[in-house]
Amino acid sequence: MRLRDKVAIVTGGGVGIGRAYCLGLAKEGARVVVADIQDKEAEKVAAEIKEAFAVPVDVTSPEKTQAMANAAVKKYGRIDVLVNNAGLYTALKKRPFMEIDPEEWDRVMAVNVKGLFLCVKAVYPVMKQQKKGKIINISSGTVLGGSPYFLHYVSSKAGVIGFTRSLSREVGADHICVNAITPGLTISGSNQGGVLTPEQREDRRKRRCFQRDQVPQDLVGTVIFLASDDSDFITGQTINVDGGTWMY
Ligand SMILES: NC(=O)c1ccc[n+]([C@@H]2O[C@H](COP(=O)([O-])OP(=O)(O)OC[C@H]3O[C@@H](n4cnc5c(N)ncnc54)[C@H](O)[C@@H]3O)[C@@H](O)[C@H]2O)c1
C-alpha cells in the first residue's frame with residue numbers, strides 16, 4: 001500500500017491503459033479521480049474501485065480542467081498525483097504528412113500537449129500549497145524511433161518530453177516531481193483492431209528483449225513508483241518502458 005491516502009487524478013482513465021493506471025494506483029491505496037471525456041466509461045472504472053469517482057473532462061478546456069481539480073479537492077481535500085495520460089492516439093489514422101489536415105494537427109497538439117499544460121495549471125496551486133506533488137506525463141516510444149506516417153502524434157509526444165524537463169525546473173522548489181514515461185506499443189484494447197497488421201505486431205515483438213506483446217499492466221509499476229515517495233529525488237526524467245526495444 002505505497003500510496004495509502006494519496007489522491008491521484010488520471011486523465012483518460014476511462015479506457016485502455018488509463019484504466020489500468022486507475023486500478024493499479026487504487027490497489028496501492030490511492031483514492032482515484034477518473035477523469036475522461038468518455039464520462040460513461042470513467043464512471044464504470046470508478047465503480048470498480050472502492051475509493052474513486054469519475055469526472056467528465058475535456059483536457060483542452062481551461063474551465064473543465066479547473067473543474068476537475070476543484071472536484072478532487074472538494075471530495076478528497078488534496079491532490080498528490082496527476083497522471084497526464086489522456087491523448088489522441090487510437091483515434092488517429094497513420095498517413096503521410098502531406099495528407100495530414102492542419103485542423104487534425106492542431107487537435108492533436110491541443111489534446112496531447114496543451115491538455116497537459118491546462119491540467120498542470122489546474123492542479124499546481126494545490127500541490128504547491130501541499131509542498132509536494134507528482135506529475136507523470138505519458139509520452140511515447142514513437143519519439144525514440146521516429147515512427148513515420150504519424151508526424152503530428154510523434155511531434156506532440158516529443159513535446160511532452162520538453163514540457164516535462166522545463167516544468168520540472170520551475171516546480172522543483174515546491175518539491176513537485178515531474179517525470180515522463182515512453183511506453184512501447186501497448187495492446188490496450190482500443191488499438192487492437194486495425195492499427196497494426198499481425199505481421200507488424202510480430203515485428204514489434206521481435207524487436208524487444210522480451211519477445212512478447214506489451215500490455216497495460218507492464219506500465220503500471222512505473223506509474224506507481226513515480227507516484228510514490230520512493231521516487232522523491234527523481235525529476236525531469238523520461239523512463240522508457242518497452243521491454244527493451246530502444247536503449248539510450
Ligand atoms: N497504446 C499504445 O501503444 C501507446 C504507446 C505509447 C503511448 N501511449 C499513450 O498512452 C495514453 C493512453 O493510450 P491508450 O492506448 O489507452 O489510448 P486510448 O485512445 O485508448 O485512450 C486515450 C484516452 O484519452 C481520452 N481522451 C481523448 N481525448 C480527450 C480529451 N480531450 N479530454 C479527456 N480525455 C480524452 C480518451 O477518452 C481515452 O480514455 C495516450 O496518451 C497514448 O498516446 C499509448
Checklist outcome for this item: Taking region 133-175 and the residues there that are closer than 19 Å to Thr245 by Cα and of a type in the set (Val, Ile, Thr), the one that is farthest from the ligand (Cβ to nearest atom) would be Ile161
Checklist entry - What is the residue count in region 197-242 for residues that are touching a residue at least 40 places away in the same chain (Cβ under 8 Å) and touching an Asp or Glu at 6+ places or on another chain (Cβ under 7 Å)? => result 2
Checklist entry - Restricting attention to region 115-132, does a residue exist that is more than 10 Å from the ligand (Cβ to nearest atom), closer than 28 Å to Ile187 by Cβ and assigned to a helix (DSSP H, G or I)? => result no
Checklist outcome for this item: Checking Val108, Val57, Val73, Val113 in turn, the sole residue that is out of contact with any Pro (no Cβ under 8 Å at 6 or more places or on another chain) and either closer than 22 Å to Leu219 by Cα or among the basic types (Lys, Arg) (or both) turns out to be Val113
Checklist entry - What is the number of the single condition among (1) within 23 Å of Leu167 (Cβ to Cβ); (2) without any contact (Cβ under 8 Å) to a residue 60 or more places away in the chain; (3) buried (at least 16 other Cβ atoms within 10 Å of the Cβ) that Gly18 does not meet? => result (2)
Item to check | Hits in region 62-107 (condition: among the hydrophobic types (A, V, I, L, M, F, W, C), near the ligand (Cβ under 10 Å from one of its atoms) and surrounded by 15 or more Cβ atoms within 10 Å (Cβ to Cβ)) | outcome: Met68, Val83, Ala86, Leu88, Leu92
Checklist outcome for this item: Here the qualifying pairs (Cβ atoms under 6 Å; residues six or more apart or on different chains; first in region 111-129 and within 14 Å of His152 (Cβ to Cβ); second more than 11 Å from the ligand (Cβ to nearest atom)) come out as Val113/Gly159
Checklist entry - Restricting attention to region 139-155, which residues are free of Cβ contacts under 8 Å to residues at least 60 places away in the same chain and within 25 Å of Phe225 (Cα to Cα)? => result Ser140, Thr142, Val143
Item to check | Given (1) under 20 Å from Gly162 (Cα atoms); (2) in contact (Cβ under 8 Å) with a residue 12 or more places away in the chain, number of the condition Met247 does not satisfy | outcome: (2)
Next on the checklist: Could you tell me how many of the residues in region 71-101 are closer than 26 Å to Ile224 by Cβ and either in a loop (DSSP other than H, G, I, E, B) or under 20 Å from the mean Cα position of the chain (by Cα) (or both)?
Outcome noted: 16
Checklist entry - Residues of region 1-59 being farther than 23 Å from Ala91 by Cα and either among the basic types (Lys, Arg) or within 10 Å of the ligand (Cβ to nearest atom) (or both), which ones? => result Arg2, Arg4, Lys6, Lys27, Arg31, Lys50
Item to check | Considering residues of region 38-61 that are touching a residue at least 40 places away in the same chain (Cβ under 8 Å) and out of contact with any strand residue (DSSP E or B) (no Cβ under 7 Å at 6 or more places or on another chain) only, the residue surrounded by the most Cβ atoms within 10 Å (Cβ to Cβ) | outcome: Thr60
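Only the coordinates and a few stated rules stand behind these numbers; no lab work does. Just so it is clear, the structure is predicted and the values come from calculations on it, not from any experiment. All Cβ positions, glycine included, derive from the backbone under ideal geometry; neighbour counts span all protein chains shown.
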